[in-house]
Amino acid sequence: MVDCGECLEKQARHLVGSPRAAVKRREIKKVQRTEHHLWKKRDSARSGQKAANLVRMLSGLPNEKEAVYGALNKWVAWEIEFPVIAAAKALRILRKRNHWRRVIQVAKWMLSKGQGATMATYDTLLLAFDMDQRVDEAESLWSMILHTHTRSIPKRLFSRIIALYAHHDLQDKVIEVFADMEELGVRPDQDTTKRVARAFRELGQEEKRKLVLRRYLSEFKYAHFNGERVRVKRYFSEED
């Protein structure tokens, strides 16, 4: 007589599948993930070539908005999807070459198309505005970022706008941005702290300068002595 318990056990193994079959299924899934990863790598390579072609095309154009925007529109005319990765890579190339006006033109064009509205793009655009002496445009962009993203602005972007204001001797603006940082709980890095302290000094607010240095600079710093790098105590009253 057949044991019913054994029958049920056999049926259960048949439905669930053997351990060997489960291993094969896992292997197939791994292969599929690898193939997808390889496809993404090939796409990334194509975006690099597109970026290089765009930079080459822009280099031969006059410095006029109409000419540049016209060329950029032609560049994307036959694209099914906006080539945002290629455009971002082109921005990085232009930035490395210090082609600040082209950086501004490409970034503004991207934003006008509703593309590339990232903190990396904003950072690059603020730097380009700084280098091209376009402080008013930088201030307008920063105001938009502050009111739109408020709680998600990274420390890097605060440092960028403070560096811009310090570069153009706008000490009141440096203090305003620093006040926003403190309100949002964003701790400044050491370079930004020194710029803020310098702004307080320029404005004749010595006590606030010392307070900022004590609060945000570490107690120790590194200096070179007899050819060696040594850790020494800071003297905040002497910091720039």
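Taking the Cβ of each residue in ARG215, ARG151 as the centre, tally the other Cβ atoms inside 10 Å and list the residues starting with the fewest.
Working: ARG215 12, ARG151 7.
Least to most surrounded, the residues fall as ARG151, ARG215.
If a/c stays under 1.5 just call it rounded; otherwise compare a/b with b/c (prolate if a/b is bigger, oblate if not). Do that for the stretch 131-194, with a ≥ b ≥ c from the square roots of the Cα gyration tensor eigenvalues. Because a/c hits 1.5 or more and a/b fails to exceed b/c, the stretch 131-194 counts as oblate.
Give, in whole angstrom and from largest to smallest, the semi-axes √(5λ) of the equivalent ellipsoid of the stretch 101-171, with λ running over the eigenvalues of the Cα gyration tensor.
Numbers: eigenvalues 66, 49, 18 Å².
Each semi-axis is the square root of five times an eigenvalue, giving 18, 16, 9 Å.
Between the alpha-carbon centres of the stretch 120-157 and the stretch 67-113 there is a gap of 18 Å.
When each of the peptides 184-190, 122-128 is scored by the mean number of other C-beta atoms lying within 10 Å of its residues, the order from highest to lowest reads 122-128, 184-190. By its C-alpha gyration tensor, with a ≥ b ≥ c as the square roots of the eigenvalues, how is the stretch 170-216 shaped: rounded for a/c under 1.5, else prolate for a/b larger than b/c, else oblate? Note, shape of the stretch 170-216 comes out oblate. Binning the alpha carbon pair distances of the stretch 46-116 at 10 angstrom intervals from zero yields the distribution 21, 63, 17, 0, expressed in whole percent.
Note down the magnitude of the dipole of the stretch 46-116 about its Cα centre, charges +1 on Lys and Arg C-beta and -1 on Asp and Glu C-beta and zero elsewhere, to the nearest 20 debye. Intermediate results must be reported in sequence, preceding the final value.
Details: 14 positive and 4 negative charges, 75 e Å.
So the magnitude is around 360 debye.
Just so you know, all these numbers are worked out from the coordinates, no wet-lab data involved. All figures in this text were calculated on a predicted structure; none of them were measured in a lab. Note: ideal-geometry Cβ built from the backbone for every residue, glycine included; neighbour counts use all protein chains shown.
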